[in-house]
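S.K.: Below: one structure in structure tokens.
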Amino acid sequence: MKKVEKKASHNGMAEKWVFFACAAFSIVAVFGIIIFILVSSIPALAEIGVFNFLFGTNWNPTNTNLEASERFGILPMLVGSLCVTFGALILGGILGVFAALFLVYWCPEKFKKPFEQIINVFAGVPSVIFGFFGMTVLVPALRVMFNTDSGSGILPSSLVLMLMILPTVASMSKNALRSVPEPYYEGALALGATKEQAIFTVMLPAARSGVISGLIMGTGRAIGETMAVIMVCGNSTSFPSGLLSSIRTLTANIALEMSYASGLHRNALIATGFVLLVFILIINLSISFLKKDSKGSARLRKMAGVTDTKAEYRQKGLFSVIGKYVSYVLSAIVLISLVGILLYVIIRGVPNIGYVFGIDGSTPAIWPAFVNTFTIIFISLIIAFPIGTCAAVYLNEYAKPGSKIVRAIRLFTDTLSGIPSIIFGLFGNILFVNLMGLKYSLLAGGLTMSLMILPTIVRSVEESLIAIPDSLREASLACGASKLYTLMHVILPQALAGMLTAGVLSIGRIVGESAALLFTSGSTRNFPSNWLLSPGGTFSVMVYTFATEGRTATDANKAYAMAFILIILVVAIYVALGLIEYFLGGERKWKTKKPKEKIKLKTA
Amino acid sequence: MENKKTERKDKTKNSVKDFDFTRDVAINIDHMDLWYTQFHAIKDVSLEIKKGEITAFIGPSGCGKSTVLKSLNRMNDLVPGCRITGKIEIGGQDIYAPGVNLPMLRKNVGMVFQKPNPFPKSVYDNIAYAPRIFGIRDKKTLDGIVESSLRKAAMWDELKDRLNKSALGLSGGQQQRLCIARALAADPAILLMDEPTSALDPISTGKIEELCDELKKSVTIVIVTHNMQQAARISDKTAFFLLGEVIEYGETQQIFSAPVKAETERYISGRFG
Amino acid sequence: MKTKSKIMAVLLVAVAALTVCFATVAFTGCGETTINISGSTSVSPLMEKLIDAYNEDHDVTINVTESGSSAGVTDAINGTVDFGMASRELTDEETKSGVTATKIADDGIALIVHKDCTVTNVTMQEVYDMYASRTAIQTVITTAYGREAGSGTRGAFDELIANADDETLAELTNGYAEGIDLFNGTNLVKESVAGNANSIGYISMGSVDDTIKTVSFEGVAATTDNVSNGTYKLSRPFNLVIPEGGLTDAAQDFVDYILSDEGQAIVTAEGYISI
């Protein structure tokens, strides 16, 4: 430590390059994922033909009587993915935006925090739980309601995805709305707008780009979601013919058949992943283009000229008032469905809790799940945390703000965070499990997860670095401290809250992950026996395997019990986040200082 | 039957006609007191503001001049814990009476804020904002309102080629005048200005002062200012506030040349505040 | 500020302690003998019971990864596991790669319906028509649930169900008919049938429980007796896939145990057919 400092004081370049390497790691990771998946899909694409693959309408991989070009067509899945995503975007988008409006403008102060917390917790609820709920509640309900044969298909998939993208859309819209300057609101009111009119005509349009970013992120999440959809979409490989016709998405196709596939079939599934990846990359790029969006068009407006019309000013605003009540109703729906899922899992989980402790004489599954989950958390944090922190330090402390390289790194970090977990699973399976020969193992799972959590860490740490005022840095440098010393002793200690938040958020992500781990660390229900090289299922993976592969009725009960424990873990993680905010939130006070003073002035 | 119909029609228009801006007295504040929760911010203020005049509120920071101004279009309602007693009449109507049409009040009593706050919309959409929310959809009518409002604000020649550009791209002074034009588009009878030039450079300030002089033909203006020269230059009447009370109210010339009260004299000569 | 740094210190120590704690637990298993098995999700439940019994007097850790028959075979070919599990016969291509199959049990494939369903017997033709063209069975059963391509259960089922012209489901150009929901697990099929009174599905006979009921196939009830005496036609073998290089001593001992009377007694007890 001391040595490094001494050296650094002579020449700050060494550590700068280390930080730069860490920051550039996300670029390497994104390219790595693209290249490995592309290379693994090339054999399939060559044998099937790109056109036949993309536009073939028949997917029947095991019928070897057919030519390769005839049995690997993903068009029905492409259409299915798009339909489901579109449905989820419409439903989840509307609900999310209106819930955000309610939260920011109409929610009584007392309920604001709880409502916000519920939405936050839901952002962390593992997808298997949504899928499980959809399968056991939603699908049968729709079957009865519409009096059809199956009840699975586009509608339940869209509904489940709606619930999943809702927290993303709602929280991003909420942040966008909150950051709209207050004077806009006052200005609108002073012109005679009602509160509702001001919200719908000024505030919401002003928050537009944030809301749209939220919607696009939601789209990315919907199109990449796997485990929830697989349980409710029906999975038949035909074109959608109605809201309740069984369909299959690209992600479901991969997860359904990956574990059984070999040879050409396996490569064709990886190629499906590549198509999905291309979609996601397009979506991510569109967000970054949106951020640059130009202000106003240059085109001239043709005016009718001053006419001596006597305009009649009449009181309006019915439309906005309706909007307000719509927002009340939709928020109630959001709250009811979110709390409903929680209650469902609790009610079905609590009575069965004994099963996972081995009450029926079977090996208790909970302890291996604990050990496996935390081992994977440990591995991925140990890898991703230093890299992520150094990357954030580079971006905020060393790089020239706004330079090309910084923008590229940000773009790739965002891209990495938008890549769906099933793609990470494929990548981990190709690289770690097979090429590196780690087999299904906790290490392979941990390595895969470390890539997944990297963007979260970079972003949270960076945010807390940004919040530190420059005066602090200047003060330390002015005392003669080196840049590295300043960083280690002044800057990073101030960013502690951000670093802890990053850690906890990452833990949340790992705890909830199933698609990526199923293909990297496996689903064994044993304690790891062979160091990090033994396979092992985490909580989420076990919920999934109990729900799908269970042999007896008690296995289904175990799935409920595991889901319940998972929910408790998620809640615990959010409580931990809350505690960090509470005890160490002082570090962020520079950000909130101004508004607080303003309020004081107003009331004093 | 027919009677009923006309009656109902009258009722819907009632709120508009309730404000009678043909009267000589535009604003009448009668023994007004105001509390922010426990804090007694305004103490027994009575003022009568004549139609077509520019009235300046001066006084040290925290004296309550902005508070009184904001009570005139009830923007104080936004502040939690704000309580008002006494009577404020605008256009002959008690604006704190139950059932007052708030949007119509604010349409008729426009406001310009300390910091320019154009919406993040185009210049055109900013000006057309108030007409639109009051139900004017016809494009020609809107065009007419936008142009005449910009002309009234002496900005038409500056902005006629950039009506579609974002208002946020304008300079601070232009933004503030745009806000004035935006308020004018609502066809107000009274315009409240809350230190409109405090964030602007001298040239922009000069333009706004000229504008006020021009506007006074059509609207009654109440302006809060920290700048005493400004008050002396543009206003007809001046009210001097101190610690929530009106110390002195009268002709501007008289206030600045021969103040009656010792506090006024001391403030104007710059000995405190 | 002082209390804050104290809290920080406590938090950090707590985090560190937790990590060390879990890491220790994770690594304690190091050094024991282990056997890694992967493959068919149909075989794994039986395998887990066998492991539980075997471990009562053996100190070996046996890991089962449920990945599907084909993956089990692939893993065995690549030597990434001690042996694989397949719930179907090996293909010629697979045996050419050097792996051999050791049969440990037979499993019936039960056709299951909702508990309140009035249908008690189905014919081969009815089942074929349902999966191939979604023709209602006895007007009551209007839809069916199946497994995904590559599943051992589906592979065996598709090979066994044929129409009058002896064309099997496996030969369908477009796979199952439109609207037949597919799942990648026994439990999902079972839950779906249990929740839909007008549906039929197929699962491993050993996985049948009282949430659903079985129907007779061509007049023969789905029982283990009928499978072993050959009258119930829907059955397939459970195979262990032995890698080219053979088994380790520990794995060999475990396989011997499975094939012993003791092991086969468990096979029978779990509802499968011993060899």
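S.K.: Taking into account only those residues within the stretch C:194-210 that are surrounded by fewer than 22 Cβ atoms within 10 Å (Cβ to Cβ) and touching an Asp or Glu at 6+ places or on another chain (Cβ under 8 Å), which is farthest from the other protein chains (Cβ to nearest Cβ)?
M.R.: Applying the filter and picking the extreme gives C:197.
S.K.: Might you check whether a residue that is of a type outside the set (Val, Ile, Thr), surrounded by fewer than 19 Cβ atoms within 10 Å (Cβ to Cβ) and touching a Ser or Thr at 6+ places or on another chain (Cβ under 6 Å) occurs anywhere in the stretch C:226-248?
M.R.: Among the residues of the stretch C:226-248, not one is of a type outside the set (Val, Ile, Thr), surrounded by fewer than 19 Cβ atoms within 10 Å (Cβ to Cβ) and touching a Ser or Thr at 6+ places or on another chain (Cβ under 6 Å), which makes the answer no.
S.K.: Considering each of B:183, B:199, B:231 in turn, give the residue that is surrounded by fewer than 18 Cβ atoms within 10 Å (Cβ to Cβ) and either in a helix (DSSP H, G or I) or not charged (D, E, K, R) (or both).
M.R.: When all the criteria are applied, what remains is B:199.
S.K.: Just to be sure, is residue B:41 more than 14 Å from chain A (Cβ to nearest Cβ) and either touching a helix residue (DSSP H, G or I) at 6+ places or on another chain (Cβ under 8 Å) or of a type in the set (A, V, I, L, M) (or both)?
M.R.: Against the criterion (more than 14 Å from chain A (Cβ to nearest Cβ) and either touching a helix residue (DSSP H, G or I) at 6+ places or on another chain (Cβ under 8 Å) or of a type in the set (A, V, I, L, M) (or both)), residue B:41 does not qualify.
S.K.: OK, next. May I ask you to list the residues in the stretch A:366-386 that are within 11 Å of chain C (Cβ to nearest Cβ) and more than 30 Å from residue A:461 (Cβ to Cβ)?
M.R.: Scanning the stretch A:366-386 gives A:367, A:368.
S.K.: Got a number for residues in the stretch B:21-46 being in a strand (DSSP E or B) and within 19 Å of residue B:105 (Cα to Cα)?
M.R.: 7
Every residue, every condition in (1) closer than 19 Å to residue B:32 by Cβ; (2) surrounded by fewer than 22 Cβ atoms within 10 Å (Cβ to Cβ); (3) within 10 Å of chain A (Cβ to nearest Cβ); (4) of a type in the set (Asp, Glu), yes or no:
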{"position": "B:62", "(1), (2), (3), (4)": "yes, yes, yes, no"}
{"position": "B:79", "(1), (2), (3), (4)": "yes, yes, yes, no"}
{"position": "B:93", "(1), (2), (3), (4)": "yes, yes, no, no"}
{"position": "B:101", "(1), (2), (3), (4)": "no, yes, yes, no"}
{"position": "B:106", "(1), (2), (3), (4)": "yes, no, yes, no"}
{"position": "B:111", "(1), (2), (3), (4)": "yes, no, yes, no"}
{"position": "B:127", "(1), (2), (3), (4)": "no, no, no, no"}
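S.K.: Which helices (runs of 4 or more DSSP H) does the stretch A:103-179 wholly contain that include 3 or more residues that are more than 23 Å from residue A:576 (Cα to Cα)?
M.R.: The qualifying helices (runs of 4 or more DSSP H) are A:127-133, A:139-146, A:154-178.
S.K.: While we're here: Would you mind finding the one in A:567, A:510 that is surrounded by fewer than 24 Cβ atoms within 10 Å (Cβ to Cβ), away from chain C (no Cβ under 12 Å) and touching a residue at least 60 places away in the same chain (Cβ under 8 Å)?
M.R.: Among A:567, A:510, only A:567 is surrounded by fewer than 24 Cβ atoms within 10 Å (Cβ to Cβ), away from chain C (no Cβ under 12 Å) and touching a residue at least 60 places away in the same chain (Cβ under 8 Å).
S.K.: Continuing with this model, one more query. Starting from residues that are in contact (Cβ under 8 Å) with a residue 12 or more places away in the chain and closer than 14 Å to residue A:244 by Cβ, keep the ones in the stretch A:131-142 and report whichever is nearest to the other protein chains (Cβ to nearest Cβ).
M.R.: A:139
S.K.: Moving to a separate point now. Every residue in the stretch B:129-148 that is more than 7 Å from chain A (Cβ to nearest Cβ) and under 24 Å from residue B:216 (Cα atoms), please.
M.R.: The answer is B:142, B:146.
S.K.: Is it the case, given these coordinates, that residue A:236 is in contact with a helix residue (DSSP H, G or I) (Cβ under 8 Å, 6 or more places away or on another chain) and polar (S, T, N, Q)?
M.R.: For residue A:236, the condition - in contact with a helix residue (DSSP H, G or I) (Cβ under 8 Å, 6 or more places away or on another chain) and polar (S, T, N, Q) - is not met.
S.K.: For the stretch B:27-41, enumerate the residues that are under 20 Å from residue B:73 (Cβ atoms) and either hydrophobic (A, V, I, L, M, F, W, C) or in contact (Cβ under 8 Å) with a residue 60 or more places away in the chain (or both).
M.R.: B:27, B:28, B:29, B:32, B:34, B:35, B:41
S.K.: Filter the stretch B:86-134 down to the residues that are among the hydrophobic types (A, V, I, L, M, F, W, C) and in a helix (DSSP H, G or I), then identify the one that is farthest from residue A:195 (Cα to Cα).
M.R.: Within the stretch B:86-134, the match that is farthest from residue A:195 (Cα to Cα) is B:123.
S.K.: OK, next. Quick one: is residue C:139 within 12 Å of another protein chain (Cβ to nearest Cβ) and over 23 Å from residue C:86 (Cβ atoms)?
M.R.: It is false that residue C:139 is within 12 Å of another protein chain (Cβ to nearest Cβ) and over 23 Å from residue C:86 (Cβ atoms).
S.K.: Now a separate question. Could you tell me whether residue A:450 is polar (S, T, N, Q), touching a residue at least 12 places away in the same chain (Cβ under 8 Å), buried (at least 21 other Cβ atoms within 10 Å of the Cβ) and more than 14 Å from chain C (Cβ to nearest Cβ)?
M.R.: yes
S.K.: Going through the stretch A:63-93 one residue at a time, which ones are touching a helix residue (DSSP H, G or I) at 6+ places or on another chain (Cβ under 7 Å), farther than 23 Å from residue A:281 by Cβ and touching a residue at least 12 places away in the same chain (Cβ under 8 Å)?
M.R.: Of everything in the stretch A:63-93, those that are touching a helix residue (DSSP H, G or I) at 6+ places or on another chain (Cβ under 7 Å), farther than 23 Å from residue A:281 by Cβ and touching a residue at least 12 places away in the same chain (Cβ under 8 Å) turn out to be A:68, A:69, A:91.
S.K.: While we're here: Here's a check for you: in the stretch A:462-507, which residue that is of a type in the set (D, E, K, R) and within 19 Å of the chain's Cα centre (by Cα) is surrounded by the fewest Cβ atoms within 10 Å (Cβ to Cβ)?
M.R.: Checked the stretch A:462-507; the qualifying residue surrounded by the fewest Cβ atoms within 10 Å (Cβ to Cβ) is A:463.
S.K.: Name the residues in the stretch A:184-196 that are over 14 Å from residue B:121 (Cα atoms), out of contact with any Leu (no Cβ under 9 Å at 6 or more places or on another chain) and within 7 Å of another protein chain (Cβ to nearest Cβ), would you?
M.R.: A:191, A:193, listed by residue number.
S.K.: Restricting to helices (runs of 4 or more DSSP H) lying wholly in the stretch C:176-275: which have 2 or more residues that are hydroxyl-bearing (Ser, Thr, Tyr)?
M.R.: C:186-194, C:224-228
S.K.: Might you check whether a residue that is touching a Pro at 6+ places or on another chain (Cβ under 8 Å), without any contact (Cβ under 8 Å) to a residue 24 or more places away in the chain and surrounded by 15 or more Cβ atoms within 10 Å (Cβ to Cβ) occurs anywhere in the stretch A:37-55?
M.R.: no
Rundown of residues vs (1) touching a strand residue (DSSP E or B) at 6+ places or on another chain (Cβ under 7 Å); (2) modelled with pLDDT of 85 or more; (3) within 14 Å of another protein chain (Cβ to nearest Cβ); (4) assigned to a strand (DSSP E or B), yes/no style:
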residue: C:71; (1), (2), (3), (4): yes, no, yes, no
residue: C:84; (1), (2), (3), (4): yes, yes, yes, yes
residue: C:93; (1), (2), (3), (4): no, no, yes, no
residue: C:103; (1), (2), (3), (4): yes, yes, no, yes
residue: C:112; (1), (2), (3), (4): yes, yes, yes, yes
residue: C:118; (1), (2), (3), (4): no, yes, no, no
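S.K.: For the stretch C:149-169, enumerate the residues that are at pLDDT below 85 and either closer than 23 Å to residue A:156 by Cβ or among the aliphatic types (A, V, I, L, M) (or both).
M.R.: C:149, C:151, listed by residue number.
S.K.: For the stretch A:239-257, what are the residues that are at the interface with another protein chain (Cβ under 9 Å from one of its Cβ atoms), among the small types (Gly, Ala, Ser) and over 17 Å from residue A:61 (Cβ atoms)?
M.R.: Matches in the stretch A:239-257: A:241, A:245, A:246.
The values are calculated or read from the model by the stated rules, or taken from the named source; none is laboratory data. Since the model is a prediction, treat every value here as computed from it, not as a measurement. As a convention, Cβ positions derive from the backbone with ideal geometry for all residues, glycine included, and neighbour counts pool all protein chains shown.
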